[in-house]
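Worksheet: the structure to be examined is printed underneath.
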Amino acid sequence: IDTLRVLYNLTSEIGSIFNLEQLAARTLDLIFETVHADRAFLLTFGEDGELITLAARDREHGTGKQVPISRTIIDEVVRKQVGALSSNAMRDKRFSSGKSVHDYGIRSAICVPIKGREKILGVIHVDPSVSDTTYSTEQLRLLTAVGVQTGLAIENVRLYESQVKSERLAAVGETVATLSHHIKNILQGLGGGTDVVERAFASLS
């Protein structure tokens, strides 16, 4: 695997995306193009601390967010905040006790953390459906680097969204202030007109 080329392509493509779901989907596309996988998904932590699926790929069923997910492997990666490689998850002592590993027939798998500048933001998981596919430590290192680049891109998107929100709030504030000024002028004008009318009625009585 030409790791530098893959990372360059990843950085070039997702660096210009400012939507989290589009970023996640494109990241999985690039992973599918580089590493043989039949299933892949990218999850991030929501505001409540729960992992939510941003994007998923299933070679048999296509794209979507309904790919069955094994929390056994994910929980291990989140807890240790390091990538995990398993040549046979159903026999791996770290994961063999997990019911979901057996239910989904997961054999070789790679799961890596998505790391931001200060904390873990989520995970990327890939696995093949055929038993004769085994991932290597080189592929683990590649996806670990992808997780870091993806984490930085996610933080940039969130920063961009925060700035856009702040700008929108500032624009709303300016609009309200302008409207308030004009309404005040209109009310003052109406008040002055009322005084004129009252004086006119008074002069007639």
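Simple spin-label model, 7 Å along Cα-to-Cβ: HIS36 to THR11 in nm?
For HIS36 paired with THR11, the spin-label model returns 3.0 nm.
Between LYS80 and PHE18, take the C-beta separation as r, use R0 = 35 Å, and let me know the FRET efficiency to the nearest 0.05.
Computed FRET efficiency for LYS80 and PHE18: 0.65.
Among 148-154, 78-84, 53-59, how do they line up by average Cβ neighbours within 10 Å per residue, starting with the highest? Could the numbers behind the result be given before it?
Working: 148-154: 22.0, 78-84: 14.7, 53-59: 19.4.
Listed from highest to lowest mean packing, they are 148-154, 53-59, 78-84.
Any read-out appearing in this document is the output of simple, stated calculations on the displayed coordinates, not a laboratory observation. None of these values were measured; they are calculated from a predicted model. Here Cβ is always computed from backbone atoms with ideal geometry, including for glycine, and neighbour counts include all displayed protein chains.
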